[in-house]
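Before any comments, here is the structure.
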Amino acid sequence: MEHRDERIVVETGRHRISGVLHMPRDGYRSRLTDYLNASERAFLPLTDVEITPLDAPGKPERRPFMALSVAHIVLAMPDESAA
């Protein structure tokens, strides 16, 4: 199966997180909403991650990898600034 990398922005109750999500190129679960709504997925694997607290914006913390609990996601969208 072919894949594509898409940079996304996710907010939880306390953080704004930007990272790269490895998704299928075409077909089933190739859209961000389909990927997030998959019932078997409890965590979202992100690479090249930037984490910024919502209550104290400043220089983001960087991590090479993060597994984010889907249950904590308040909103998610493609990162338009990465295009």
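The values are calculated or read from the model by the stated rules, or taken from the named source; none is laboratory data. Here the structure is a predicted model, which means the values were calculated and not measured. Glycine also receives a Cβ, built like all others from the backbone with ideal geometry; neighbour counts cover every protein chain displayed.
Starting from residues that are more than 11 Å from the chain's Cα centre (by Cα) and acidic (Asp, Glu), keep the ones in segment 26-83 and report whichever is modelled with the lowest pLDDT. Among those residues, the one meeting the criterion is ASP26. Restricting attention to segment 55-83, the residues that are over 15 Å from LEU32 (Cβ atoms) and in contact with a Phe, Trp or Tyr (Cβ under 7 Å, 6 or more places away or on another chain) add up to 2.
Can we say GLY13 is part of a loop (DSSP other than H, G, I, E, B) and in contact with a Leu (Cβ under 9 Å, 6 or more places away or on another chain)? Spelling it out, GLY13 is indeed part of a loop (DSSP other than H, G, I, E, B) and in contact with a Leu (Cβ under 9 Å, 6 or more places away or on another chain).
I'd like to know if segment 18-29 contains one or more residues that are in contact (Cβ under 8 Å) with a residue 40 or more places away in the chain and farther than 13 Å from SER69 by Cα. The answer is yes, given that some residue of segment 18-29 is in contact (Cβ under 8 Å) with a residue 40 or more places away in the chain and farther than 13 Å from SER69 by Cα.
In the set PRO45, PRO64, only one residue is part of a strand (DSSP E or B), free of Cβ contacts under 8 Å to residues at least 60 places away in the same chain and surrounded by fewer than 10 Cβ atoms within 10 Å (Cβ to Cβ); that residue is PRO64.
Among residues of segment 8-23 being within 16 Å of MET77 (Cβ to Cβ) and of a type in the set (Gly, Ala, Ser), the one that is surrounded by the fewest Cβ atoms within 10 Å (Cβ to Cβ) is SER18. Evaluate the following for ARG4: is it farther than 14 Å from VAL70 by Cα, exposed (fewer than 15 other Cβ atoms within 10 Å of the Cβ) and among the basic types (Lys, Arg)? For ARG4, the condition - farther than 14 Å from VAL70 by Cα, exposed (fewer than 15 other Cβ atoms within 10 Å of the Cβ) and among the basic types (Lys, Arg) - is met. Flag: ASP26 matches the condition of being loosely packed, with under 14 Cβ neighbours inside 10 Å and assigned to a loop (DSSP other than H, G, I, E, B).
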